[in-house]
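What follows is calculated from the coordinates using simple rules that are stated; it is not laboratory data. Quantities reported herein were computed from a predicted structural model and do not represent experimental measurements. Note that we place each Cβ from the backbone using ideal geometry, even for glycine, and neighbour counts take in every protein chain shown.
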Amino acid sequence: MTLTFEDFPPGHFGSFGPRRVTREEILAFAAEFDPQPMHLDEEAASQSMLKGLAGSGWHLCSIMMRMMFDGFIGRTASLGSPGVNELRWLAPFRPGDDLMLDVEITDARVSRSRPSTGIVTFKCVLRNAAGQVLCEMISPIIIERRPEHALGRAG
């Protein structure tokens with residue numbers, strides 16, 4: 001079943017994971033996309049403010065997107081996102097971390113310019129197994145409405 005705008009009322013939507021992160025993944029992502037020493041070299045990382053090898057924040061965002069896709073976006077009538085309203089990296093993630101994603105819907109409204117769609121704002125919080133918040137993201141997604149609501153009527 002495809003999820004439409006009407007399936008996303010404000011409130012807690014779901015939790016997804018766990019997703020284990022390996023040292024090899026962290027090193028591979030960093031080597032290609034964020035080759036800073038704290039993401040590539042154990043010794044340099046131990047001397048950094050991260051106090052040990054840690055994954056790139058951009059890697060964490062990529063993992064979060066994959067968890068969102070596997071959890072619900074892959075079966076949603078999503079038309080994409082106009083961007084990210086807020087993104088915060090709060091703590092480093094480490095090799096061997098098991099990540100959990102909590103998703104809350106903070107707002108859902110029918111589009112004024114395209115009433116056949118709605119805009120759903122998601123707050124995503126990524127935690128490690130100890131419950132420490134690693135990353136928070138707030139982002140709207142444009143989602144098709146059910147056909148019976150897509151005729152230009154609001155509501």
Phi-based couplings in Hz for the stretch 93-98 (Karplus 6.51, -1.76, 1.60; Gly and Pro marked x) = 9, 10, x, x, 5, 9
So what's the angle, to the nearest 10 degrees on a 0 to 90 scale, between helix 57-71 and the longest Cα principal axis of the chain?
-> 40
Most exposed first, judged by fewest Cβ atoms within 10 angstrom, LEU40, LEU60 run LEU40, LEU60
Label zone at GLU25 (point 7 Å along Cα-to-Cβ), backbone N below 19 Å, the stretch 60-87 = 60-74
What is the fewest-to-most order of LEU87, LEU134 by other Cβ atoms lying within 10 Å of their Cβ?
-> LEU87, LEU134
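Multiply the residue separation of GLU32 and GLN47 by 0.36 nm, subtract the distance between their alpha-carbon atoms, and state the gained length in nm to one decimal. Display every interim value, and only then the final one.
Working: separation 15, 0.36 × 15 = 5.40 nm, distance 2.22 nm.
Taking GLU32 through GLN47 to full extension adds about 3.2 nm, to one decimal.
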So what is the relative contact order of the stretch 5-149, in percent, for Cα pairs below 8 Å that sit 6 or more residues apart?
-> 30
Measuring from the longest principal axis of the C-alpha atoms of the chain, the long axis of helix 23-33 (C-alpha) lies at a number of degrees, nearest 10, equal to 70
